[in-house]
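Undergrad: Okay, here's the structure, questions in a sec.
The values are calculated or read from the model by the stated rules, or taken from the named source; none is laboratory data. Note that the structure is a prediction, hence the values are computed from the model and not measured. Every residue, glycine among them, receives a Cβ derived from its backbone with ideal geometry; neighbour counts consider all protein chains shown. The area values use the complete protein model at the heavy-atom level, side chains included, leaving out ligands, DNA and RNA. Shrake-Rupley method; radii C 1.70, N 1.55, O 1.52, S 1.80 Å.
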Protein chains: 2
Amino acid sequence: MAVAFLLVSFLAGLISIGMAVYFRHLVLKEDPGNEKMVTVAGYIEDGAKAYIKVQYMVLSIFVGALFLVILFLLPSPLAPSERYTVWFNWEQALAYIIGSVGSMLAGYLGLYVGVKANTRAAQACTVGTKAGFNVAFFGGSVMGLAVVGVALIGVSVLYFIFETPLIVLGFSFGASSIALFMKCGGGIFTKTADVGADLVGKAEYDLPEDDPRNPATIADNVGDNVGDIAGMGSDLFDSYVASIVAAMMLAASLALIINIDITIDSTLRATLVVAPVVLCGVGLIASLIGIFIIKYRKAEDPGKALNNGTYYATLIFAGIAALFTWILTLDLNSEGSLLLWRIYFAVLIGLASGIVMGFTSDYFTRDDKKPTRNIANAAKEGHAVVILSGFSYGLLSVVPPTLGIILAMAVSYLLAGVFGVAMAAVGMLAIVGTIVSNDAYGPIVDNARAIAEQGELGDDVIRTADHLDSAGNTAKAITKGFAIGAANLTVFALLFSFAEESGISMVDLLRIEVLIGAFVGVVVPALFSALLVLAVQRNAAKMVDEIRRQFEENPKILTGEEPADFKKTIDIATKGSLRELILPSIISITVPIAIGMIFGVAALGAFLAGAILSGFVFAVFMSNSGGAWDNAKKWIEDGNLGGKGTDVHKASITGDTVGDPFKDTAGPSINTLLVVMSLTASIFMGLLLLFNHGAGLITF
Amino acid sequence: MAVAFLLVSFLAGLISIGMAVYFRHLVLKEDPGNEKMVTVAGYIEDGAKAYIKVQYMVLSIFVGALFLVILFLLPSPLAPSERYTVWFNWEQALAYIIGSVGSMLAGYLGLYVGVKANTRAAQACTVGTKAGFNVAFFGGSVMGLAVVGVALIGVSVLYFIFETPLIVLGFSFGASSIALFMKCGGGIFTKTADVGADLVGKAEYDLPEDDPRNPATIADNVGDNVGDIAGMGSDLFDSYVASIVAAMMLAASLALIINIDITIDSTLRATLVVAPVVLCGVGLIASLIGIFIIKYRKAEDPGKALNNGTYYATLIFAGIAALFTWILTLDLNSEGSLLLWRIYFAVLIGLASGIVMGFTSDYFTRDDKKPTRNIANAAKEGHAVVILSGFSYGLLSVVPPTLGIILAMAVSYLLAGVFGVAMAAVGMLAIVGTIVSNDAYGPIVDNARAIAEQGELGDDVIRTADHLDSAGNTAKAITKGFAIGAANLTVFALLFSFAEESGISMVDLLRIEVLIGAFVGVVVPALFSALLVLAVQRNAAKMVDEIRRQFEENPKILTGEEPADFKKTIDIATKGSLRELILPSIISITVPIAIGMIFGVAALGAFLAGAILSGFVFAVFMSNSGGAWDNAKKWIEDGNLGGKGTDVHKASITGDTVGDPFKDTAGPSINTLLVVMSLTASIFMGLLLLFNHGAGLITF
């Protein structure tokens, strides 16, 4: 009976894809604007496609290799399940391929519409704010709906066919390995272009932002799309699927719910396993309704409209989820029903804490609040002080979301044990359709603003686009806080499901090998952040050399008589981002396996816990300090503290440039790193158990 | 019989104090130089004494309050030991007072000689390098010998009288609470002055470093003494005593040595308990011999001389420690003897890894190695890129010492279980007399250089002083790496002894309250770093305002006709540092107690582990990035990449200024934070066990 509910999610997924296609149609039929705009948009589209082509080619090799590893090196009999009877692991390997391809597809669809929507949104701004908003919002929704639709269809179909979460785990691992490339690669690409363009264009030649004469301007615009649309989309796709899988695996294997005196019979277990999928389907429906409410409401402030969409989706979700919880309880006895209602509240707590986290990160990065205001004022004392100030507030901003996560974990645990924590993560991600839509809106309006400027649509239109853009920045700050919180709860859930799967009864920090595992875990996010920031710094230096070369060899570029060579700069960003990806990706997959093989499965558990905790600190710190520096600069550019061109402004630009790879490369990539490492641990479990029954090569 | 060996340490301590007094005499009888020099040195001395006076006054109140808490709120029957028969805890409270006063005394003695040695070292530079080196080195040795002497006398006498390590724990807690104030307070003071002086003097008025017209110059010199001599001295005092106590407590309560099949009878236990004290006595003797070898060797490169002192001390220690290990085995059976030799090797491994760690941090901060060279080159791309580069290399530099610590932990654990880890920490700190001496040499020659400049001793003498100074900087980099490593191993040992003391059998990360404890633990060092960096930034802004005010109100200061008001700037640094200390100190003591009370003792163990690991990352990252920025700037000032006055140089100054509070305030203070939190957990154990028998107020 319970399995039949998968149909809800499957149908919701189908509707979602249908809506995405419909929104794509709505966007494409809009007027793309004048010739100049179409040309610029064409450059951006070509650049994005060139990047995606190379990226997907490399990814295919990587995915193919991992497919073979999963197929042959992780033979089924090693996995702790009686389902596996054949000697090779074709089910998981197949699911892995489907997950990878699904993630690539969703990313491509979102990106494809994103690069079409930007010029159309710019043109719509000539009509008015609401018109411009609509085009950008529906363009962004394509990404959001595609992501959720593909994920839900994949999960529900795979579970329906194979009836074990271990196969869905393969799907999730596929989504994650793509996300790692898309997020880190996109992040390196976008900041290579952005930092390079700023360092030469703004600082040396005094060109304004988005000036078409700057050879890196198009690369910068491409970067917004590949980093913020495709990257963030695949990141949330990855967290979304992982949260579902973690909850399903826990439901399937959990011997008991701690703190609650209940026997888990087969009916209850079947219900618990499908519950995360069903609730996510409900969340998707809620997101869809939210999107339509925004569509049919009359004009309002774009920032408010985005936030209202989130609130509507949340409230609607709470209502429909209650209905479905009630339906699910119809099959169960009173004990089971009570448990399901406890789970319902765990889900709501997860969702509520996600929203609170989003708004906390907004507080720390808003220019009308104390932290960003103080950072802006620190710019008066020069470059160094603005850095020190942003650094400190970034670290301070870790405290409130930490308390939020701890509260969510504690309460959801009290409600339904570790399964409650997993369901809180599912709840946090239930309305991810809305979240991704809001996030993808950002780069579209950012690009629209650039195109309006380059298409010479006049000051009024640019001001309208600016207005839309600033709403996009707020949405982005909230989304990032949300994404970090969701990933964090998800990896906690994965840690618990990993422990269940491995059969270890404890991860005792007083054991030396466990302590060593935790030590390495705490260090890895720091190392990973360092590598990504260094990658951006190194690539940006190459970009700087190229921009200088173009200006020196062809003075007509600066006068605007001849176009700059955009392809060359896009090429540098593309190749650089792929090259710099190699080491971080190797680390994320080999280090967990090495720890598990050498020090054993319990040490690997501690490694994951250490990485989750320190990763959370680094992710929040880097995202928020970067966001605050960015907004402090913008606030000064709005004419405060002397405005543009002053020393204060220059110092604030230094802050912003330091913050760029923090907030758009390293910070958000840590989420994906954590999910990939957690899933790697679960996927390779069978292999690890071969070494001394999971105790590792070195015995202490 | 074993207790008689305490005499060795007691006598070594007495000799050490005697030598300190003798070296003080040697330094004081040197020529303090011309009138100008004496005047400047007098300002510095007065400033340092004014700071110390206020600091010690505040400390007395703090120490008094904690004395009463320990005396009345931690009554003896609560502690898990049958030794306690009276209802109040006078023994531990008394030991606490002795530890506090001892730490203050050692700090005062070192500081007193430091501020006398600077001008004498400057004057001796007119004779030659060796003469200048000797004065500075003996001046520094006073601090080193005083620290170790006071510590060893305190530990051996207290253990001799009370025969339980729990009393020595009180002594250690006293030393630590002083260290927290001295290290953080000194760190905030020194960087408030340094950053303030640089921001106005160098950047706005183009004054050179140490220019007497700059009102913050004297405060900056005072800061070197209170931060680097008194602060670092009390920090290592604190780690030193804590490492001895952790090993003693483990020896006293350990039921068995894991991995070794051995019965611990009363003779063996008595030997194990005194072994750490005896080996530290041996280390002190080795340090003394090392100091004398340096004294009587003919002139050599000062940097080499300092390093050679470390090597001599290490080799001599290895030899004498073997002799004493052999003597200690005479009482034991063959099993016990074997164990003692295993411990001997654990000690050597600790010491070796400490030295390796010191040299790793040297690698990451030397201007002739790749990291610092790359950071300097990044300055070509501007302020932001030099920050990104230093940030990344600082994080990367965490990896090698992590591997070093892990290796030391693993091997020492294989040799003798957790007691082996504790003894590795003792080994790392055994030659701390040499380490502190080398470190205290740094600020003395730094001041000497400033005084030589202000006393107009001529270019040759300044060059000589510069030469001595650069050796001091290298020594300082090595000492910092060493101090972090030693503190890290020590707090691991304290964690194990805490677990033994509390009787918890495990710290299971799969339990939600334990995971929450670890979460808070990982976040605290980040919060602590943020607060300290923010403190420096805020105070430096006040300092900047004051310097500007003085220059504007009295133009004769800039022409050199009238002296600046040094007292005012010293006052700002003093008051600011004390005010900003309040929140971090409260956090360091209340958070561990709160975690223990709410979530239980196991969660507190996880809290400590989390804090140790993340604290290590932050401490190494901040110390090394700061050191590398500093040296990159110096390398550019030596005429590379265009040299002084260029944009590259300006960007490198930004790096250095950001690095200042990283490397001299937040980074090194984290060590002390970790030790204080670990000792707080142990000291308040009796109280925590009252709450639900150590399970905490909330039960999951």
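Okay, residues lined up against (1) open to solvent by 70 Å² or more (accessible area, probe 1.4 Å); (2) closer than 30 Å to B:I218 by Cβ:
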residue: B:F5; (1), (2): no, no
residue: B:V8; (1), (2): no, no
residue: B:L11; (1), (2): yes, no
residue: B:L28; (1), (2): no, yes
residue: B:P32; (1), (2): no, yes
residue: B:E35; (1), (2): yes, yes
residue: B:T39; (1), (2): no, yes
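Undergrad: Would you say A:I586 is in contact (Cβ under 8 Å) with a residue 24 or more places away in the chain and either in contact with a Ser or Thr (Cβ under 8 Å, 6 or more places away or on another chain) or surrounded by fewer than 24 Cβ atoms within 10 Å (Cβ to Cβ) (or both)?
TA: For A:I586, the condition - in contact (Cβ under 8 Å) with a residue 24 or more places away in the chain and either in contact with a Ser or Thr (Cβ under 8 Å, 6 or more places away or on another chain) or surrounded by fewer than 24 Cβ atoms within 10 Å (Cβ to Cβ) (or both) - is not met.
Undergrad: Filter region B:26-45 for residues that are hydroxyl-bearing (S, T, Y) and touching a Phe, Trp or Tyr at 6+ places or on another chain (Cβ under 8 Å) and give the result.
TA: Passing the criteria: only B:Y43.
Undergrad: Pick from region B:50-67 the residues that are without any contact (Cβ under 8 Å) to a residue 12 or more places away in the chain and open to solvent by 40 Å² or more (accessible area, probe 1.4 Å): which of them is nearest to B:D220 (Cα to Cα)?
TA: Quick first cut of region B:50-67, residues without any contact (Cβ under 8 Å) to a residue 12 or more places away in the chain only: B:53, B:57, B:60-61, B:64-65.
In the following step, the residues that additionally are open to solvent by 40 Å² or more (accessible area, probe 1.4 Å) were identified as B:53, B:57, B:60-61, B:65.
Working: B:K53: 18, B:M57: 22, B:S60: 26, B:I61: 27, B:A65: 32 Å.
It comes out as B:K53.
Undergrad: If a residue must be touching a residue at least 60 places away in the same chain (Cβ under 8 Å) and outside any helix (DSSP H, G or I), how many such residues does region B:548-575 contain?
TA: Number satisfying all stated conditions: 4.
Undergrad: Name the residue, out of A:L527, A:L534, A:L494, that is within 14 Å of another protein chain (Cβ to nearest Cβ), in a helix (DSSP H, G or I) and open to solvent by 30 Å² or more (accessible area, probe 1.4 Å).
TA: Of A:L527, A:L534, A:L494, the one residue that is within 14 Å of another protein chain (Cβ to nearest Cβ), in a helix (DSSP H, G or I) and open to solvent by 30 Å² or more (accessible area, probe 1.4 Å) is A:L527.
Undergrad: What is the number of the single condition among (1) within 19 Å of A:M685 (Cα to Cα); (2) crowded, with 24+ Cβ neighbours inside 10 Å; (3) not β-branched (V, I, T) that A:N488 does not meet?
TA: Result: A:N488 fails condition (1) only.
Undergrad: Still on this structure: Just checking, how many residues over region A:244-277 are modelled with pLDDT of 90 or more and among the polar types (S, T, N, Q)?
TA: Of the residues in that region, 1 qualify.
Undergrad: Consider only pairs whose beta carbons are under 8 Å apart and that are at least six residues apart or on different chains; among these, list those whose first residue lies in region B:606-619 and is within 14 Å of B:L396 (Cα to Cα) and of a type in the set (S, T, Y) and whose second residue is open to solvent by less than 10 Å² (accessible area, probe 1.4 Å) and part of a helix (DSSP H, G or I).
TA: Every condition considered, no pair remains.
Undergrad: Let me ask another. Report, by residue number, each residue of region B:414-452 that is within 14 Å of chain A (Cβ to nearest Cβ) and either of a type outside the set (A, V, I, L, M) or open to solvent by 10 Å² or more (accessible area, probe 1.4 Å) (or both).
TA: Within region B:414-452, B:L414, B:L415, B:G417, B:V418, B:F419, B:G420 meet the criteria.
Undergrad: So, B:V411, is that one surrounded by fewer than 24 Cβ atoms within 10 Å (Cβ to Cβ) and among the hydrophobic types (A, V, I, L, M, F, W, C) or not? Outline the logic, then answer.
TA: Working: surrounded by fewer than 24 Cβ atoms within 10 Å (Cβ to Cβ): yes; among the hydrophobic types (A, V, I, L, M, F, W, C): yes.
Yes; evaluated as a whole, the condition is true for this residue.
Undergrad: Something else about it: Exactly one of (1) acidic (D, E); (2) over 30 Å from A:N640 (Cβ atoms); (3) open to solvent by less than 40 Å² (accessible area, probe 1.4 Å) is unmet by A:D362. Its number?
TA: Of the numbered conditions (1) acidic (D, E); (2) over 30 Å from A:N640 (Cβ atoms); (3) open to solvent by less than 40 Å² (accessible area, probe 1.4 Å), the odd one out for A:D362 is (2).
Undergrad: Something else: Give the residue that is modelled with the highest pLDDT, with candidates limited to residues of region A:389-400 that are more than 7 Å from chain B (Cβ to nearest Cβ) and open to solvent by 10 Å² or more (accessible area, probe 1.4 Å).
TA: Initially, region A:389-400 is screened for residues more than 7 Å from chain B (Cβ to nearest Cβ), giving A:390, A:393-394, A:397, A:400.
Now drop any that are not open to solvent by 10 Å² or more (accessible area, probe 1.4 Å), which leaves A:393, A:400.
Details: A:Y393: 97, A:P400: 94.
Across region A:389-400, the extreme among qualifying residues is A:Y393.
Undergrad: Suppose we filter region B:172-205 for residues that are over 15 Å from B:Q55 (Cβ atoms) and within 14 Å of another protein chain (Cβ to nearest Cβ); how many remain?
TA: 13
Undergrad: Give the residue that is most open to solvent (accessible area, probe 1.4 Å), with candidates limited to residues of region B:498-511 that are within 11 Å of B:A602 (Cβ to Cβ) and within 7 Å of another protein chain (Cβ to nearest Cβ).
TA: Of everything passing the filter in region B:498-511, B:M506 is most open to solvent (accessible area, probe 1.4 Å).
Undergrad: If you go through region A:284-314, how many residues are within 17 Å of A:V436 (Cβ to Cβ), aliphatic (A, V, I, L, M) and open to solvent by 40 Å² or more (accessible area, probe 1.4 Å)?
TA: 2
Undergrad: Starting from residues that are more than 11 Å from chain A (Cβ to nearest Cβ) and of a type in the set (S, T, Y), keep the ones in region B:620-651 and report whichever is nearest to B:L395 (Cα to Cα).
TA: Only one residue fits best here, namely B:S623.
Undergrad: So, one more: Is it the case, given these coordinates, that A:V21 is at pLDDT below 95, surrounded by fewer than 17 Cβ atoms within 10 Å (Cβ to Cβ) and within 23 Å of A:L145 (Cα to Cα)?
TA: Considered against the rule, which asks whether it is at pLDDT below 95, surrounded by fewer than 17 Cβ atoms within 10 Å (Cβ to Cβ) and within 23 Å of A:L145 (Cα to Cα), A:V21 comes out as yes.
Undergrad: Please pick out the residue among A:I167, A:I153 that is open to solvent by 10 Å² or more (accessible area, probe 1.4 Å), farther than 30 Å from A:T464 by Cβ and among the hydrophobic types (A, V, I, L, M, F, W, C). Working first, answer last.
TA: Numbers: A:I167 fails: open to solvent by 10 Å² or more (accessible area, probe 1.4 Å).
Exactly one of A:I167, A:I153 is open to solvent by 10 Å² or more (accessible area, probe 1.4 Å), farther than 30 Å from A:T464 by Cβ and among the hydrophobic types (A, V, I, L, M, F, W, C), namely A:I153.
Undergrad: Can you pull out every residue in region A:596-614 that is of a type in the set (G, A, S) and open to solvent by 10 Å² or more (accessible area, probe 1.4 Å)? Working first, answer last.
TA: Start the filter on region A:596-614 by keeping residues that are of a type in the set (G, A, S), which leaves A:596, A:600, A:602-603, A:605-606, A:609-611, A:614.
The one that is of a type in the set (G, A, S) and open to solvent by 10 Å² or more (accessible area, probe 1.4 Å): A:A602.
Undergrad: Let me ask something else about it. Quick one: B:T665 ticks every box in (1) within 13 Å of chain A (Cβ to nearest Cβ); (2) open to solvent by 10 Å² or more (accessible area, probe 1.4 Å); (3) assigned to a helix (DSSP H, G or I) bar one, so which box is it?
TA: (2)
Undergrad: Which of (1) in contact with a Leu (Cβ under 7 Å, 6 or more places away or on another chain); (2) at pLDDT below 90 does A:A408 not meet, given it meets every other one?
TA: The one condition A:A408 does not meet is (2).
Undergrad: Quick check on this structure: which one of A:V222, A:V278, A:V226 is farther than 30 Å from A:T654 by Cα, open to solvent by less than 20 Å² (accessible area, probe 1.4 Å) and either away from every other protein chain (no Cβ under 14 Å) or in contact with a Leu (Cβ under 8 Å, 6 or more places away or on another chain) (or both)?
TA: The conditions single out A:V278.
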